[in-house]
1. What helices does the chain have that are whole DSSP H segments, at least 27 Å long along their own axis by Cα, and with mean Kyte-Doolittle hydropathy of -1.0 or more?
2. Explain nothing, just compute: Karplus ³J(HN,Hα) = 6.51 cos²θ - 1.76 cosθ + 1.60, θ = phi - 60°, for every residue of region 146-153 in order, whole Hz, x for Gly and Pro.
3. Kindly put 178, 173 in sequence by how many other C-beta atoms sit within 10 Å of each C-beta, fewest to most.
4. Tell me, what HN-Hα J-couplings in whole Hz come from the Karplus equation 6.51 cos²θ - 1.76 cosθ + 1.60 at θ = phi - 60° for each residue of region 3-12, using x for Gly and Pro?
5. Need one word for region 2-44: rounded, prolate or oblate. Basis is the Cα gyration tensor (sqrt eigenvalues a ≥ b ≥ c); a/c below 1.5 gives rounded, then a/b vs b/c decides.
6. What residues qualify as long-range amide H neighbours of residue 78, i.e. H under 5 Å apart, gap of 5 or more or another chain, H built at 1.01 Å from N?
7. Which far-off residues, 5 or more places away or on another chain, put their amide H under 5 Å from the one on residue 86, with H placed in the peptide plane?
8. Hey, any idea what Rg/Rh is for region 50-180, computing Rh the Kirkwood way over Cα pairs?
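All of the numbers you see were taken from the coordinates with simple rules; none came from a lab. Every value quoted in this text rests on a predicted model; they were computed, and no experiment measured them. All Cβ positions, glycine included, derive from the backbone under ideal geometry; neighbour counts span all protein chains shown.
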Amino acid sequence: MQYHLKLDELPSVVLFPGDPKRAEWIASFLEGATRLAANREFHSYRGTANGIPIGVVSAGVGGAGAAIAYHEAIAAGARVLIRIGTAGKLQSDVRSGDVIIATAAVREDGVSQQILPLEFPAVAHPDVVAELRRAAEAADRRHHVGVVHTTGAFYSASLALDREVTGAAGALCVEMECSTLFIVAAERKVAAGAILAINGDASPDKSLIRSALDAAIAIAIAAAERLALTGSNDESRRGSA
């Protein structure tokens, strides 16, 4: 029994939103979904997509709590971990309603340097990136593929953050968990990736972000199916590259 997740076993492919309500929403996309456990911010579900078992676990906000969810999910059997979340845009050609497929993340999360040194890059597994990209193209969804900026601070304070610098270098968006996920996956020798819906414009119209999240969920599930079928537990698919 995992101490925080309060479960014994998960499917080999698990989707990770932050919000427990979003975990329930994602589970509604699966067939025969049932809730496994609920403790603090960690709510978990299990269902199938075309007969393929898929797990869903909410990981909360920020790297510290998310790292707990990732570690315990891996201990419970997860071998492919895919984050589904939202992000703020850093590029002018990225629009609200777009989705981002992360290839790597700037490590400003405040947690991952306690797992591996900062010199070690936080990168998504290439197979997960490829399947997310394939699914996004099949869905004909406007998407971008590249580096994201993970931060541990949602609100800016007196200390200047590096978002302008990393944005100028090409970082697509800012969010709060990807680098932690990629580093935990690398250290534990499993595969990880992320797909993010952009909520980057100050608009009262929330239909764009809702549409983008629905698309991101469908894309992640399609990618999860293929990753499970093509051998997500194989040694060749373990670890970030």
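1. Passing helices, by number: 207-229.
2. x, 7, 10, 10, 9, 10, x, 10
3. So the ranking, lowest neighbour count to highest, is 173, 178.
4. Rounded to whole hertz, the list is 4, 9, 6, 6, 8, 9, 8, 10, x, 5.
5. oblate
6. Hits under the 5 Å cutoff: 10.
7. For residue 86, the qualifying residues are 197.
8. 0.96
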